[in-house]
Amino acid sequence: MALEDDINFLDRVPTLHLLGREALRLLAISVETMKLSRGDILFEEGQPADGGYVVVNGELVLQSANDRKPTKGVRTIKATDRKGETPLKARRGTLSGETAMITDTARPSTAIATESTIIFRIPRVVFMRILEGEPQAAVALRRLVATRVGRVLNDLDVVRPLFEEAGEDYR
(Lines give C-alpha, C1' and ligand atoms only; values in the text may rest on other atoms or scores of the structure.)
Protein backbone atom coordinates (compact mmCIF):
# COMPACT_ATOMS: atom_id res chain seq x y z
CA MET A 1 0.00 0.00 0.00
CA ALA A 2 1.08 3.58 -0.58
CA LEU A 3 1.38 5.91 2.41
CA GLU A 4 -1.97 7.64 1.74
CA ASP A 5 -3.66 4.24 1.39
CA ASP A 6 -2.18 3.19 4.75
CA ILE A 7 -3.40 6.41 6.39
CA ASN A 8 -6.90 5.95 4.95
CA PHE A 9 -6.93 2.31 6.08
CA LEU A 10 -5.84 3.18 9.65
CA ASP A 11 -8.42 5.99 9.71
CA ARG A 12 -11.17 3.37 9.30
CA VAL A 13 -10.11 1.60 12.52
CA PRO A 14 -12.44 3.15 15.14
CA THR A 15 -9.90 3.66 17.95
CA LEU A 16 -7.20 4.91 15.60
CA HIS A 17 -9.62 7.26 13.83
CA LEU A 18 -9.72 9.32 17.03
CA LEU A 19 -6.06 10.24 16.58
CA GLY A 20 -6.55 12.57 13.62
CA ARG A 21 -4.83 12.66 10.22
CA GLU A 22 -1.43 13.97 11.31
CA ALA A 23 -1.06 11.35 14.04
CA LEU A 24 -2.23 8.68 11.58
CA ARG A 25 0.42 9.83 9.11
CA LEU A 26 3.11 9.34 11.76
CA LEU A 27 1.61 5.99 12.68
CA ALA A 28 1.48 4.82 9.04
CA ILE A 29 5.15 5.68 8.61
CA SER A 30 6.08 3.85 11.82
CA VAL A 31 4.10 0.60 11.66
CA GLU A 32 5.88 -2.65 10.93
CA THR A 33 4.23 -4.78 8.24
CA MET A 34 4.23 -8.49 9.06
CA LYS A 35 3.23 -11.44 6.88
CA LEU A 36 1.90 -14.63 8.42
CA SER A 37 1.19 -17.95 6.78
CA ARG A 38 -1.74 -20.18 7.67
CA GLY A 39 -1.10 -21.71 11.10
CA ASP A 40 1.51 -19.15 12.19
CA ILE A 41 1.12 -18.00 15.78
CA LEU A 42 1.38 -14.23 16.12
CA PHE A 43 1.45 -14.27 19.92
CA GLU A 44 0.62 -16.64 22.74
CA GLU A 45 -1.59 -16.19 25.75
CA GLY A 46 0.34 -14.91 28.77
CA GLN A 47 3.23 -13.42 26.79
CA PRO A 48 4.18 -9.85 27.66
CA ALA A 49 2.44 -7.49 25.24
CA ASP A 50 4.37 -4.53 23.88
CA GLY A 51 1.94 -3.16 21.31
CA GLY A 52 -1.05 -3.76 19.10
CA TYR A 53 -1.80 -5.26 15.70
CA VAL A 54 -4.18 -4.28 12.93
CA VAL A 55 -5.24 -6.94 10.42
CA VAL A 56 -4.70 -5.55 6.92
CA ASN A 57 -5.68 -8.69 4.99
CA GLY A 58 -6.46 -12.22 6.06
CA GLU A 59 -7.73 -13.50 9.38
CA LEU A 60 -6.56 -14.40 12.87
CA VAL A 61 -8.41 -16.57 15.35
CA LEU A 62 -8.07 -15.52 19.00
CA GLN A 63 -8.31 -18.25 21.62
CA SER A 64 -7.74 -18.42 25.35
CA ALA A 65 -6.65 -21.56 27.20
CA ASN A 66 -10.25 -22.06 28.36
CA ASP A 67 -11.31 -22.32 24.72
CA ARG A 68 -8.95 -25.20 23.87
CA LYS A 69 -9.35 -28.88 24.54
CA PRO A 70 -6.38 -30.21 26.49
CA THR A 71 -4.11 -32.39 24.38
CA LYS A 72 -2.05 -34.78 26.46
CA GLY A 73 1.67 -34.16 26.02
CA VAL A 74 1.27 -31.85 23.01
CA ARG A 75 0.42 -28.16 22.94
CA THR A 76 -1.67 -27.99 19.78
CA ILE A 77 -3.97 -25.07 19.05
CA LYS A 78 -6.64 -25.24 16.37
CA ALA A 79 -9.37 -22.85 15.34
CA THR A 80 -11.83 -25.74 15.53
CA ASP A 81 -10.98 -26.64 19.14
CA ARG A 82 -13.58 -24.36 20.72
CA LYS A 83 -16.21 -26.27 22.64
CA GLY A 84 -19.16 -25.71 20.33
CA GLU A 85 -18.55 -21.96 20.20
CA THR A 86 -17.63 -19.84 17.24
CA PRO A 87 -13.97 -18.76 17.55
CA LEU A 88 -13.28 -15.06 18.03
CA LYS A 89 -11.92 -13.86 14.69
CA ALA A 90 -9.93 -10.78 13.76
CA ARG A 91 -10.40 -9.73 10.14
CA ARG A 92 -9.47 -6.72 8.02
CA GLY A 93 -9.50 -3.54 10.10
CA THR A 94 -9.54 -5.30 13.49
CA LEU A 95 -7.26 -3.79 16.14
CA SER A 96 -5.96 -6.39 18.59
CA GLY A 97 -3.89 -5.47 21.63
CA GLU A 98 -5.30 -1.99 22.05
CA THR A 99 -4.53 -1.94 25.78
CA ALA A 100 -0.96 -3.07 25.14
CA MET A 101 -0.39 0.08 23.07
CA ILE A 102 -0.67 2.22 26.21
CA THR A 103 0.29 0.05 29.20
CA ASP A 104 2.19 -3.06 30.27
CA THR A 105 -0.04 -6.10 30.03
CA ALA A 106 0.01 -9.76 29.04
CA ARG A 107 -1.69 -11.26 26.01
CA PRO A 108 -5.12 -12.55 27.10
CA SER A 109 -5.27 -15.03 24.23
CA THR A 110 -3.30 -16.76 21.49
CA ALA A 111 -3.57 -15.37 17.94
CA ILE A 112 -3.24 -17.80 15.05
CA ALA A 113 -3.41 -17.01 11.33
CA THR A 114 -6.17 -19.05 9.68
CA GLU A 115 -4.97 -18.04 6.22
CA SER A 116 -2.22 -15.95 4.66
CA THR A 117 -2.45 -12.73 6.67
CA ILE A 118 -0.84 -9.29 6.60
CA ILE A 119 -0.83 -7.19 9.75
CA PHE A 120 0.51 -3.85 10.94
CA ARG A 121 2.39 -4.04 14.23
CA ILE A 122 2.10 -0.88 16.37
CA PRO A 123 4.78 -0.90 19.08
CA ARG A 124 3.82 0.77 22.36
CA VAL A 125 6.87 3.03 22.26
CA VAL A 126 5.80 4.38 18.84
CA PHE A 127 2.18 4.85 19.87
CA MET A 128 3.16 6.67 23.08
CA ARG A 129 5.52 9.01 21.19
CA ILE A 130 2.69 9.88 18.81
CA LEU A 131 0.39 10.65 21.75
CA GLU A 132 3.08 12.82 23.36
CA GLY A 133 3.49 14.80 20.15
CA GLU A 134 -0.22 15.03 19.36
CA PRO A 135 -2.03 16.21 22.53
CA GLN A 136 -5.46 16.25 20.85
CA ALA A 137 -5.01 12.56 20.02
CA ALA A 138 -4.15 11.81 23.66
CA VAL A 139 -7.25 13.68 24.86
CA ALA A 140 -9.48 11.79 22.41
CA LEU A 141 -8.04 8.47 23.54
CA ARG A 142 -8.47 9.40 27.21
CA ARG A 143 -12.15 10.16 26.56
CA LEU A 144 -12.61 6.79 24.84
CA VAL A 145 -10.99 4.92 27.72
CA ALA A 146 -13.07 6.85 30.28
CA THR A 147 -16.27 5.99 28.41
CA ARG A 148 -15.35 2.30 28.29
CA VAL A 149 -14.46 2.21 31.99
CA GLY A 150 -17.79 3.89 32.77
CA ARG A 151 -19.64 1.19 30.80
CA VAL A 152 -17.81 -1.58 32.64
CA LEU A 153 -18.64 -0.02 36.00
CA ASN A 154 -22.30 0.27 35.02
CA ASP A 155 -22.30 -3.37 33.91
CA LEU A 156 -20.81 -4.40 37.26
CA ASP A 157 -23.55 -2.50 39.07
CA VAL A 158 -26.10 -4.53 37.09
CA VAL A 159 -24.62 -7.94 37.94
CA ARG A 160 -23.60 -7.27 41.57
CA PRO A 161 -27.14 -7.94 42.90
CA LEU A 162 -27.06 -11.35 41.24
CA PHE A 163 -24.00 -12.29 43.28
CA GLU A 164 -25.44 -10.80 46.44
CA GLU A 165 -28.65 -12.82 45.96
CA ALA A 166 -26.51 -15.95 45.71
CA GLY A 167 -25.22 -15.17 49.22
CA GLU A 168 -21.74 -14.12 48.16
CA ASP A 169 -20.33 -10.71 49.05
CA TYR A 170 -18.00 -9.66 46.22
CA ARG A 171 -17.50 -6.08 47.36
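The values are calculated or read from the model by the stated rules, or taken from the named source; none is laboratory data. Since the structure is predicted, the reported quantities are computational estimates derived from the model, not experimental observations. Don't worry about glycine lacking a Cβ; one is built from the backbone with ideal geometry, like all the others, and counts go over all protein chains shown. The area values use the complete protein model at the heavy-atom level, side chains included, leaving out ligands, DNA and RNA. Shrake-Rupley method; radii C 1.70, N 1.55, O 1.52, S 1.80 Å.
Applying the criteria of a DSSP loop state and at most 10 other Cβ atoms within 10 Å to the chymotrypsin sites (Phe, Trp or Tyr not before Pro) of segment 87-171 yields Tyr170. Computed with a 1.4 Å probe over protein heavy atoms only, the accessible area of Thr15 comes to about 10 Å².
Rounded, prolate or oblate: which fits segment 86-171 when a ≥ b ≥ c are the square roots of the eigenvalues of the alpha-carbon gyration tensor, with rounded for a/c under 1.5 and prolate only if a/b beats b/c?
Cα axes put segment 86-171 in the oblate bin.
Exposure check, 1.4 Å probe, all protein chains in place: Arg151 carries approximately 150 Å² of accessible surface.
Rounded, prolate or oblate: which fits segment 116-157 when a ≥ b ≥ c are the square roots of the eigenvalues of the alpha-carbon gyration tensor, with rounded for a/c under 1.5 and prolate only if a/b beats b/c? It is oblate, given that a/c is not under 1.5 and a/b is not larger than b/c. Residues whose amide H falls under 5 Å from that of Ser116, counting only those 5 or more places apart or on a different chain, are Arg38, with hydrogens built in the peptide plane.
Sort Arg124, Arg160, Arg107, Arg38 from largest to smallest accessible area, using a 1.4 Å probe on the heavy atoms of the protein chains. Write out the running numbers ahead of the final one.
Values: Arg124 45, Arg160 110, Arg107 15, Arg38 190 Å².
Sorted descending by solvent-accessible area, the residues read Arg38, Arg160, Arg124, Arg107.
Under a 5 Å amide H cut-off, with hydrogens placed 1.01 Å from N, Ala49 pairs with Thr105, Ala106, Arg107 among residues at least 5 apart or on other chains.
The accessible area of Met128, taken with all protein chains in place and a 1.4 Å probe, comes to roughly 60 Å².
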